[in-house]
Amino acid sequence: MMPVRSSNESILVVDDSDATLEVIQRNLSAEGYKVYTAGNVGDAIAILEQTVLDLVITDLKMPKVSGLDLIRHMRENYPDCEVMMITGYATVEGAVEAVKAGAEEYLSKPFTDDELLKAVRTALEKLYMRRMTRDSSIPALFESYSIMGKSACMLNIMNAIGKATSTNATVLIYGESGTGKELVARAIHYNSSRASSAFVPVNCGGIPESLLESELFGHLKGSFTSANETRAGFFQTADGGTIFLDEVGEMSLTMQVKLLRVLQDKEFCMVGSTKSSKVDVRILAATNKDLLKLVEKGNFREDLYYRLNVINIVIPPLRERGDDILLLTNHFIEEYSRKAGKDPISLSDNALRVLINYSWPGNVRELENLIQRLVVMTDSDSIDVNDLPSLMRFSVSRNANLNKSLAEMEAEHIHNVLMSVDGNKSQASRILGIDRKTLREKMKLYGFAENKS
């Protein structure tokens, strides 16, 4: 999933052909872009000096000053503006030269409307990703909740947290592993009236069933073989504060009955005691399972489910949080670079694209672990695709374009390989596993002009 961008970016089109300017301006304006035009490099530079632009589309060959000269001027003076080259003299050599000069995209004339719009979107997406990773601004709610996110779904969650802090009602937090359920629970507690009292997290799935009751409610000395002393449980420790029951769906039916009593009567019995103890504790629970399905199967009590599910907060997986992936990446880079005493690393456009398209089964926890490892283990200050784990490099994008024909995919791959070796057909042939004659035939078939390499 590519980042969500605005539709009002400013684009300058530079071409000595009035007809070309008119066609491109009409197509881009119809898509909502703000379009400027210039018939030569001199006029283009004048517009650049007076206007904040996101993208410049320039012809290669123009009278007096060429498009390559304009690209070099922009890379020296306007690094935060993308550049796209268009030309009627398409060669691999020309494309390589344009990319080396700083063009993000290269489009050969004649091109279709769809090809133009696709190239423009790709260039602007690269710009947007770089801007997001450089964005050091922190959403206002981060200061209160320590939760990083600007996506609509996360803003909804922060709104729900705000409502949950003003009440003592039970909250059920749902989310996949690694999405930050405990972070949400802590945000609720530390912004509530109970903030000065204890927040006690309990991983119900990590405590053996035989010990869970004792851990939660405490036990009297001699109540079982290893009970050498009377010890308070988590509920007593959390008295006046909040207890967070993570993986609550792992509780046995027997333990569910005991938890239900605490919710209903605000009291419990220590193991080995027949005397009830009162407790003032707010319960926050979390699960990565569908509790209603467990209820249907008879593995979770229906009455307990409704007691826990007074307020419901569902945390989306990282793969559905769009731009937050870039925001979190930048946050973790700054955090772990500071801890390591190193200058922050930077990620290439292609590496950022991999992060955006990866499925993140481990969610935010996986992303944090990746960035920490890159900061600590990488000697270079720049991260490219080959520095990322192989699982990420070779996984199929969730939004891969599966409508392309085999021929289109082959043409795109041959073009990318040629670009990567600066148009050297001998090297490209070795990489592609074909001989030079076959490569030349395919270049001719797909309209790639020959050069002498």
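The values are calculated or read from the model by the stated rules, or taken from the named source; none is laboratory data. Since the structure is predicted, the reported quantities are computational estimates derived from the model, not experimental observations. Cβ: placed from backbone, ideal geometry, glycine included. Neighbour counts: every protein chain shown.
Considering only residues that are within 30 Å of the chain's Cα centre (by Cα) and either within 19 Å of Ile243 (Cα to Cα) or surrounded by fewer than 21 Cβ atoms within 10 Å (Cβ to Cβ) (or both), which ones fall in the stretch 284-310? Before you say what the answer is, go through the steps one by one.
Of the residues in the stretch 284-310, the ones within 30 Å of the chain's Cα centre (by Cα) are 284-293, 309.
Leu284, Ala285, Ala286, Thr287, Asn288, Lys289, Asp290, Leu292, Lys293, Asn309, listed by residue number.
Considering each of Asp343, Asp324, Asp280 in turn, give the residue that is in the same structural domain as Met158 (by TED's automatic domain parsing) and of a type in the set (Asp, Glu).
Exactly one of Asp343, Asp324, Asp280 is in the same structural domain as Met158 (by TED's automatic domain parsing) and of a type in the set (Asp, Glu), namely Asp280.
Evaluate the following for Ile313: is it surrounded by 17 or more Cβ atoms within 10 Å (Cβ to Cβ), outside any helix (DSSP H, G or I) and in contact with a helix residue (DSSP H, G or I) (Cβ under 6 Å, 6 or more places away or on another chain)?
yes
Checking the condition touching a Ser or Thr at 6+ places or on another chain (Cβ under 8 Å) and either modelled with pLDDT of 95 or more or not small (Gly, Ala, Ser) (or both), which residue from Gln264, Gln236 passes?
Among Gln264, Gln236, only Gln236 is touching a Ser or Thr at 6+ places or on another chain (Cβ under 8 Å) and either modelled with pLDDT of 95 or more or not small (Gly, Ala, Ser) (or both).
Would you confirm, using the coordinates I've provided, whether Arg373 is outside the structural domain of Leu127 (by TED's automatic domain parsing), loosely packed, with under 14 Cβ neighbours inside 10 Å and at pLDDT 90 or above?
Working: outside the structural domain of Leu127 (by TED's automatic domain parsing): yes; loosely packed, with under 14 Cβ neighbours inside 10 Å: yes; at pLDDT 90 or above: yes.
For Arg373, the condition - outside the structural domain of Leu127 (by TED's automatic domain parsing), loosely packed, with under 14 Cβ neighbours inside 10 Å and at pLDDT 90 or above - is met.
Look through the stretch 182-229, keep the residues that are assigned to a loop (DSSP other than H, G, I, E, B) and touching a Lys or Arg at 6+ places or on another chain (Cβ under 8 Å), and return whichever of them is farthest from Lys278 (Cα to Cα).
Looking at residues that are assigned to a loop (DSSP other than H, G, I, E, B) and touching a Lys or Arg at 6+ places or on another chain (Cβ under 8 Å), I get Asn228.
Return yes when Arg319 is under 38 Å from the mean Cα position of the chain (by Cα) and farther than 30 Å from Ser193 by Cα and no when it is not. Write out each step before concluding.
Working: under 38 Å from the mean Cα position of the chain (by Cα): yes; farther than 30 Å from Ser193 by Cα: yes.
Yes; evaluated as a whole, the condition is true for this residue.
Filter the stretch 410-441 for residues that are modelled with pLDDT of 75 or more and either among the acidic types (Asp, Glu) or in the same structural domain as Arg353 (by TED's automatic domain parsing) (or both) and give the result.
Glu410, Glu412, Asp435, Glu441
Inside the stretch 312-332, can you point out the residues that are touching a residue at least 60 places away in the same chain (Cβ under 8 Å), more than 19 Å from Leu127 (Cβ to Cβ) and among the hydrophobic types (A, V, I, L, M, F, W, C)?
Within the stretch 312-332, Ile313, Val314, Ile315, Leu318, Leu328 qualify.
Determine whether the stretch 377-394 contains at least one residue that is more than 25 Å from Gly180 (Cβ to Cβ), of a type in the set (Lys, Arg), modelled with pLDDT of 80 or more and touching a helix residue (DSSP H, G or I) at 6+ places or on another chain (Cβ under 8 Å).
The answer is no, given that none of the residues of the stretch 377-394 is more than 25 Å from Gly180 (Cβ to Cβ), of a type in the set (Lys, Arg), modelled with pLDDT of 80 or more and touching a helix residue (DSSP H, G or I) at 6+ places or on another chain (Cβ under 8 Å).
Write out, first by first residue and then by second, each pair whose Cβ atoms fall under 7 Å of each other, whose residues are 6+ apart or on separate chains, and whose first residue, in the stretch 36-52, is touching a residue at least 24 places away in the same chain (Cβ under 8 Å) while the second is among the acidic types (Asp, Glu).
Gly39/Asp16; Asn40/Asp16; Val41/Asp69
Taking interchain pairs and intrachain pairs at least six residues apart, which have beta carbon atoms under 7 angstrom, with the first residue in the stretch 350-365 and of a type in the set (Gly, Ala, Ser) and the second modelled with pLDDT under 85?
What qualifies is Ser359/Ser395; Ser359/Arg398.
Just checking, how many residues over the stretch 288-328 are in contact with a Pro (Cβ under 9 Å, 6 or more places away or on another chain) and among the basic types (Lys, Arg)?
1
Are any of the residues in the stretch 48-69 crowded, with 19+ Cβ neighbours inside 10 Å, at pLDDT 85 or above and more than 34 Å from the chain's Cα centre (by Cα)? Spell out how you get there, then give the answer.
To start, the set of residues in the stretch 48-69 that are crowded, with 19+ Cβ neighbours inside 10 Å comprises 48, 53-60, 62, 67-68.
Narrowing further to those that are at pLDDT 85 or above: 48, 53-59.
Now restrict to residues that are more than 34 Å from the chain's Cα centre (by Cα): 59.
Looking for residues that are crowded, with 19+ Cβ neighbours inside 10 Å, at pLDDT 85 or above and more than 34 Å from the chain's Cα centre (by Cα), one finds at least one in the stretch 48-69, hence yes.
Could you grab me the full set of residues in the stretch 70-93 that are touching a Leu at 6+ places or on another chain (Cβ under 9 Å), surrounded by fewer than 14 Cβ atoms within 10 Å (Cβ to Cβ) and at pLDDT below 85?
Correct list: Asp80, Gly88, Tyr89.
Considering (1) surrounded by fewer than 19 Cβ atoms within 10 Å (Cβ to Cβ); (2) within 41 Å of the chain's Cα centre (by Cα), say which one Lys278 fails and leave the rest.
Evaluating Lys278 over (1) surrounded by fewer than 19 Cβ atoms within 10 Å (Cβ to Cβ); (2) within 41 Å of the chain's Cα centre (by Cα) leaves (2) as the failure.
Do you know which residues across the stretch 143-181 are free of Cβ contacts under 8 Å to residues at least 60 places away in the same chain, outside any loop (DSSP other than H, G, I, E, B) and of a type outside the set (Gly, Ala, Ser)? I'd like the intermediate steps shown before the answer.
So the first thing to find is which residues in the stretch 143-181 are free of Cβ contacts under 8 Å to residues at least 60 places away in the same chain, and the list is 143-147, 152, 155-156, 158-159, 162, 165-166.
Cutting the leftovers down to outside any loop (DSSP other than H, G, I, E, B) gives us 143-145, 152, 155-156, 158-159, 162.
Correct list: Glu143, Tyr145, Leu155, Asn156, Met158, Asn159.
Just to be sure before I move on: is Lys181 at pLDDT below 90, surrounded by 18 or more Cβ atoms within 10 Å (Cβ to Cβ) and assigned by TED's automatic domain parsing to the domain that holds Phe244 in the structure I sent? Show your work before the answer.
Details: at pLDDT below 90: no; surrounded by 18 or more Cβ atoms within 10 Å (Cβ to Cβ): yes; assigned by TED's automatic domain parsing to the domain that holds Phe244: yes.
So Lys181 does not fit the description; no.
Can you say whether Gly298 is of a type in the set (Gly, Ala, Ser) and free of Cβ contacts under 8 Å to residues at least 12 places away in the same chain, as far as the supplied structure shows? Don't jump to the end; show me each part of the working.
Values: of a type in the set (Gly, Ala, Ser): yes; free of Cβ contacts under 8 Å to residues at least 12 places away in the same chain: yes.
Taking the combined requirement at face value, the residue satisfies it.
Of all residues in the stretch 237-249, which are surrounded by fewer than 19 Cβ atoms within 10 Å (Cβ to Cβ) and in a helix (DSSP H, G or I)?
Passing the criteria: only Thr237.
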